[in-house]
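Report on the structure given below.
What follows is calculated from the coordinates using simple rules that are stated; it is not laboratory data. Worth saying up front: this structure is predicted, and the values here are computed from it rather than measured. Cβ placement follows ideal geometry from the backbone for every residue including glycine, while neighbour counts extend to all protein chains displayed.
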Amino acid sequence: MGKSTLMNALVGTKVAITSSRPQTTRRAIRGIVHRPDAQLVIIDTPGLHRPRTLLGERLDSLARSTLTEVDVIGFCLPAADRIGPGDKYLAAELAGIGKTPVVAVVTKTDQATREQVAAQLAAVADLGDWADIVPVSAVDGFQLDVLSDVLVSYLPPGRPLYPDGDLTDEPEQQLVAELIREAILEGVRDELPHSIAVVVEEMAPREGRDDLIDVHAIMYVERTSQKAIVLGAKGARLKEVGTVARRQIEALLGSRVYLDLRIKIAKDWQRDPRQLRRLGFYD
């Protein structure tokens, strides 16, 4: 938990959506930190987990393949949460990666007392043989500069991979789809978040206007009951989602936006290879 929020804080702007739900991230999203001495490309992957669907299997495979392609790995553990079986499972997985250094990042220190942070640092130290352990807070900025320095210290010499000013390589249309999904995720029931997918069908300036962008998006759910949850009573929930998402999209695009949201049912799409491909989740 907290990977996407931490990446956004390091980059200095929002490049990945966040929510209180685990397994929010569904793609390997790159955030680019430009420094006078280095360029740090952070890859926010889906979390490693025990998959229960074909989508889960693909996300887990994406995360594992990414781990083999990076120069340093950041393992995030919240400061106020006790070390549990899941943390021990991940620590064992990371221990088998090979020679890639792993930095343990104790996150959310703003939500913990000094005593809790100290106890967590000791517990994390006992959990594995880490290259470094760094406590941070993405909310108040505590030690973000230290974490950036530590990560950069493990990078090899080389030329910048991205032009100065680029903060991500995510296409705008995909960023817009993710902002809509983020707006849906907050306030919905536990069974719904993983069943939602968003596809932006069309995004373009309105003909004859340079101050308005039309965005047409489809939200996919797996069952009729889920469609009713997203709609809410007399469409109130969908209207709220549209208002929140439009505000975020306008901030991203720097323009007024007309947002058209529709809901479709794609039965059991998380388990259907054909539907996964159509929704952008490839093998």
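What the table shows:
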read-out	value
Alpha carbon convex hull of region 172-278, volume per residue in cubic angstrom	97
In order through region 128-133: 3J(HN,Hα) via Karplus (6.51 cos²θ - 1.76 cosθ + 1.60), integer Hz, x for Gly, Pro	x, 9, 8, 5, 7, 10
Residue 263 long-range amide H proximity, modeled H, under 5 Å	219
Sites residue 37 and residue 186 - FRET efficiency at Förster radius 41 Å, r taken between beta-carbons, to 0.05	0.60
Reciprocal mean inverse distance between Cα atoms of region 215-264 - Kirkwood radius, Å	11.5
Under Karplus coefficients 6.51, -1.76 and 1.60, residue-wise ³J(HN,Hα) of region 90-102 in Hz, glycine/proline x	5, 4, 5, 4, 5, 5, x, 5, x, 8, 5, x, 10
Computed E for residue 131/residue 57 - FRET, C-beta separation, R0 41 angstrom, nearest 0.05	0.90
Sorted by Cβ density within 10 Å, fewest first, the residues 194, 216	216, 194
Computed E for residue 68/residue 152 - FRET, C-beta separation, R0 22 angstrom, nearest 0.05	0.60
Helix-derived mean residue ellipticity, 222 nm - over the chain, DSSP H n ≥ 4, -39500 (n - 2.57), to 500	-11000 deg cm²/dmol
Kirkwood hydrodynamic radius over Cα pairs of region 3-152, then Stokes diffusion coefficient at 4 °C and 1.567 mPa s, in µm²/s	82
Where only C-alpha atoms are counted, convex hull volume of the chain per residue in Å³	147
Estimated vicinal HN-Hα couplings, Hz - region 222-238 in sequence order (Karplus 6.51, -1.76, 1.60; Gly, Pro = x)	9, 9, 4, 4, 6, 4, 5, 5, 5, 5, x, 5, 6, x, 5, 5, 5
Simple label model, 7 Å out from Cα along Cβ direction - residue 28 to residue 214, nm	3.7
Cleavage-rule hits (trypsin sites (Lys or Arg not before Pro)) in region 45-98: DSSP loop, at most 12 neighbouring Cβ within 10 angstrom	52, 82
Proxy reagent accessibility, fewest Cβ within 10 Å first, across 168, 53	53, 168
Gain in span if fully extended, residue 13 to residue 201, counting 0.36 nm per residue against the direct Cα distance	65.1 nm
Gain on full stretching of the segment that runs from residue 274 to residue 162 - 0.36 nm per residue minus C-alpha separation	37.0 nm
